[in-house]
Structure formats: structure tokens, C-alpha cells
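Novice: Mind looking over this structure? Questions follow.
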Amino acid sequence: MMSIERSTTVADLVVEGPALARLFEQLGIDYCCGGKRSLEEACASRGLDVATAIALLEADGGAPEGEAEDWARAPLGELCDHIVEAHHALLRRELPRLSTLLGKVEVAHGPERPELAEVRSVFEEMRDELEEHMEKEELVLFPLCAAVGSGAPAPRFVASAVAVLEDDHASTGPRSSVCAG
């Protein structure tokens, strides 16, 4: 659990625990442009009790809970269900939220930072690709995996379906900082 002080800036709290951003959004506290304010000042401006806010933030902890399941050993159908229920659901929730936040940042800072338009454009392109990729997985690949995992023979087109999805990964991966050298 992270230690949260009244005097810590809201921005510093989000840097230390990025998941806290969602809680700040629920509380109506600006962690971007208004992030240089202390937590105490930010709460006061919203009419919130700082002790209550600290308790909420400390309970959240700023980090997602870890998984206990060993997905490398799980049956294929179970793994596919988990990917859809946990990871695809997360993307379906967060991608629109991030689009909205990028739009707000571009409106607020775009006149002095014209590169923000390109950042938003690249993000929206990647979002479209991710949403299309998830649909391919859910409509084609995952049902095939579940059937094969239950003992059904693999149709001949499985290899080409997998190749299409791997091409999606290969074309998107180099643009991400995680995959870039």
C-alpha cells in the first residue's frame, strides 16, 4: 500500500500509482493541468474531505491486483474466455476513456502543442486496429481454439487465421515503445 500525504501533489500521486487516475476522475480532481496542487488543495477546491480522499486512495493502492491463475497451463477455451472477459473488456472500457482524455488535452493544449493532434491521430488509428483485432479473435480464432481444446479436429484454415492475427501483431508492435528497440 502506498503512503499518501496531504501535501503530495496530485500529479505525483498519479505518477507513483497510475491507476489512481480513475479514482481522481471519479472524485472530479484534475490530475493533469491541476496536478501541481497538493492533494489537500485539490480536495478543498472540490469540497471534499481530504482524510476521506486519502482513505479511498490508500485502499485503491494505485496498482491492479495480480492474477493467481497459471494461464500457460489452462485449457484453451478457458484461456480464450479469460482474454475476452479480462483483457478485451478492459480495452473496451479504457480505449474510449483515453480517446476522451486525449481530446481534452488536445483542446486545452493543442494551440501551443500542435504535435498533440498527431498523438491523438496515431492513438485513434491504433484503437481502431485493436478493436478490429479483438473482433477477429472473438469471432474466428477463439471459437476455433475452444473447439480444438474440446477435442474437435482443427479446420485447415486455422493456420491462415492465426497468420492474419500474427500479422496484426507484427504491424502494430513496432510502433509501441514496449516493442521498439
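Quick note: the coordinates plus some simple rules give every number you see, no bench work behind them. This one's a predicted model, so the numbers in the text were calculated from it and none came from an experiment. Neighbour counts run over all protein chains shown; Cβ positions are idealised from the backbone, glycine included.
Novice: How long is the gain from L48 to S171 if the chain were fully straight, where each residue apart is worth 0.36 nm and the alpha carbon distance is subtracted?
Specialist: On the way: separation 123, 0.36 × 123 = 44.28 nm, distance 4.62 nm.
Additional length available on full extension: 39.7 nm.
Novice: With springs only between Cα atoms under 10 Å apart, run a GNM on the chain and tell me which of P155, P143, P96 wobbles the most.
Specialist: In this elastic network of the chain, the residue with the biggest mean-square fluctuation among P155, P143, P96 is P155.
Novice: Is there a quick way to get the dipole size of the range 76-175? I mean about its Cα centre, with the Cβ of Lys and Arg at +1 and of Asp and Glu at -1; what is the value in debye to the nearest 20?
Specialist: For the range 76-175, the charge dipole is close to 140 debye.
Novice: Follow-up. Calculate log10 I(q)/I(0) of the range 76-175 for q = 0.11, 0.17, 0.24 Å⁻¹, where I(q) comes from the Debye formula with a single equal point scatterer on each Cα and nothing for solvent.
Specialist: After summing over all Cα pairs, the log10 values are -0.45, -0.84, -1.25.
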